[in-house]
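**Student:** Questions regarding the structure given below will be posed in turn.
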Amino acid sequence: MAVPTNIKFKDYVKVVKLIAARKFDSFSYIKKRGSARRFDFIKNEKPLMQVVHEEKYIYSKDFKQTLEKLEVTEEEFRSYF
Amino acid sequence: MSRGNSHPNLVVLAVYKSHINKGMWKGFCAPYGVTTQATTCEEAKTHLEELVELYEEGLKKYNYPKHLVFQELQDVEDNKVLKLVWKEVTRTLGQKMKEERNFIEFTKQSNEGSLKLDGGIVSFYQPSFVMQT
């Protein structure tokens with residue numbers, strides 16, 4: 001079920017940046033139209049992308065997708081706070 | 001174009017009222033696997049359109065790699081709705097094909113449209129990079 005997590009969006013972005021810097025060859029965070037945001041992760045020349053809406057808190061569905069893309073568990077992710 | 005790259009023939013955006021997550025409107029875009037949710041239909045539609053625009057910019061940037069273009073929807077309810085949507089989209093496109101007697105004229109048309117489904121909104125289009133012949 002898609003519900004907001006208790007993770008603030010700005011904290012979520014900070015942690016994604018930290019993990020991506022360690023795990024990927026390159027990473028970018030694109031802010032554009034409205035509140036749509038895009039993460040680009042590149043490893044071994046293979047790009048991965050995720051688009052999310054900036055809300056006060058990150059939604060569980062988006063968070064789960066991010067964990068998959070970053071290949072980390074929720075516990076690992078939360079350990080960065 | 002290399003073998004690992006491909007453009008979709010059709011892109012579908014759908015927004016519907018969730019029966020599982022009461023009070024929420026959910027939206028998805030196939031085949032990109034982009035999803036969203038909001039408390040109103042209009043908000044979900046706006047979110048989805050913004051996300052898809054940003055996603056398509058990324059696809060263009062990376063030259064449409066297949067693994068980014070074709071993504072399965074992860075959500076069970078989204079998949080159920082996609083099946084219903086697909087029936088309606090094929091019915092609408094099939095009707096257009098029947099009405100147009102000339103194949104060339106049909107291919108010139110912009111095969112896009114929108115329809116209402118159970119209070120939600122469905123729109124579909126051939127991405128502009130496919131339309132350029």
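**Student:** Full-extension gain between residue B:41 and residue B:60, please, as 0.36 nm times their residue separation minus the C-alpha to C-alpha distance. Each step should come with its number before you reach the end.
**Tutor:** Values: separation 19, 0.36 × 19 = 6.84 nm, distance 2.84 nm.
Full extension of this stretch gives 4.0 nm more.
**Student:** Would you mind working out the magnitude of the charge dipole of the protein assembly as shown relative to its Cα centre, with +1 at each Lys and Arg C-beta and -1 at each Asp and Glu C-beta, to the nearest 20 Debye? Spell out each step's value before the answer.
**Tutor:** Details: 35 positive and 29 negative charges, 33 e Å.
Approximately 160 debye in magnitude.
**Student:** Which whole number gives the average count of other chain Cβ atoms within 10 Å of the Cβ atoms across peptide A:47-57?
**Tutor:** On the way: counts 8, 5, 12, 5, 17, 6, 10, 0, 3, 0, 0.
Mean inter-chain Cβ contacts per residue within 10 Å come to 6.
**Student:** Please state the relative contact order of the range A:4-78 as a whole percent: Cα pairs under 8 Å, 6+ residues apart? Don't skip to the answer; put the middle values down first.
**Tutor:** Numbers: 90 pairs, mean separation 23.7, N = 75.
Value for the range A:4-78: 32 percent.
**Student:** How high is the relative contact order of chain B, in percent, counting Cα pairs under 8 Å that sit 6 or more residues apart? Before the final figure, lay out each step's value.
**Tutor:** Values: 181 pairs, mean separation 42.3, N = 133.
It rounds to 32 percent for chain B.
**Student:** If you roll a 1.4 Å probe over the heavy atoms of the protein chains, what accessible area per residue do you get for chain A, in Å²?
**Tutor:** Working: 4500 Å² over 81 residues.
I get 56 Å² per residue for this part.
**Student:** Follow-up question, since we're still on this one. At 222 nm, what value in deg cm²/dmol follows for the protein assembly as shown if DSSP H runs of at least 4 each add -39500 (n - 2.57) and the sum is divided by all its residues, to the nearest 500? Provide the component values of the computation, followed by the final result.
**Tutor:** Working: 8 runs with 90 residues, N = 214.
Calculated mean residue ellipticity at 222 nm is -13000 deg cm²/dmol.
**Student:** Let me ask another. Shielding by partners for B:15-25, please: the mean number of other protein chain Cβ atoms within 10 Å of each residue's Cβ. Write out the running numbers ahead of the final one.
**Tutor:** Details: counts 0, 0, 0, 2, 0, 2, 4, 1, 0, 3, 0.
The shielding value for this peptide is 1.
**Student:** Hey, another quick one. What does the average come to when, for each residue of peptide B:71-81, you count the partner chain Cβ atoms lying within 10 Å of its Cβ? Don't skip to the end; give the middle numbers.
**Tutor:** Values: counts 1, 0, 0, 4, 3, 0, 2, 1, 0, 0, 0.
Per-residue shielding by partner chains comes out at 1.
**Student:** How many angstrom lie between the Cα centre of the range A:30-81 and the Cα centre of the range B:37-86?
**Tutor:** One Cα centre to the other: 15 Å.
**Student:** Okay, next question. Using a ≥ b ≥ c from the Cα gyration tensor of chain B (square roots of the eigenvalues), is it rounded, prolate or oblate, where a/c under 1.5 gives rounded and otherwise the larger of a/b and b/c decides, a/b for prolate? Mind showing how you got there, number by number?
**Tutor:** Details: a/c = 2.07, a/b = 1.24, b/c = 1.67.
Since a/c reaches 1.5 but b/c is at least a/b, the shape of chain B is classed as oblate.
**Student:** Of B:119, B:34, B:5, whose Cα points farthest to the positive end of the dipole of chain B (charges on the beta-carbon: +1 Lys, Arg; -1 Asp, Glu; origin at the Cα centre)?
**Tutor:** B:5
**Student:** Find which of B:25, B:65, B:103 sits farthest along the positive direction of the dipole of the protein assembly as shown, computed with +1 on the beta-carbon of Lys and Arg, -1 on that of Asp and Glu, about the Cα centre.
**Tutor:** So the residue we want is B:65.
**Student:** Also, I was wondering about something else. When the dipole is taken about the Cα centre of chain B, and only Lys, Arg (+1) and Asp, Glu (-1) are charged at their Cβ, what size is it in debye, to the nearest 20?
**Tutor:** For this selection, approximately 440 debye.
**Student:** Given charges of +1 on the Cβ of Lys and Arg and -1 on the Cβ of Asp and Glu, with all other atoms neutral, how large is the dipole of the range B:64-133 about its Cα centre, in debye to the nearest 20? Each step should come with its number before you reach the end.
**Tutor:** Numbers: 10 positive and 10 negative charges, 57 e Å.
It works out to roughly 280 debye.
The values are calculated or read from the model by the stated rules, or taken from the named source; none is laboratory data. The model shown is predicted, which means the values in this text are computed figures rather than measured ones. Cβ sites come from the backbone with ideal geometry, for glycine too, and all protein chains shown count toward neighbours. Note: accessible area is taken over every heavy atom of the protein model, side chains too, but ligands, DNA and RNA are not part of it. Shrake-Rupley method; radii C 1.70, N 1.55, O 1.52, S 1.80 Å.
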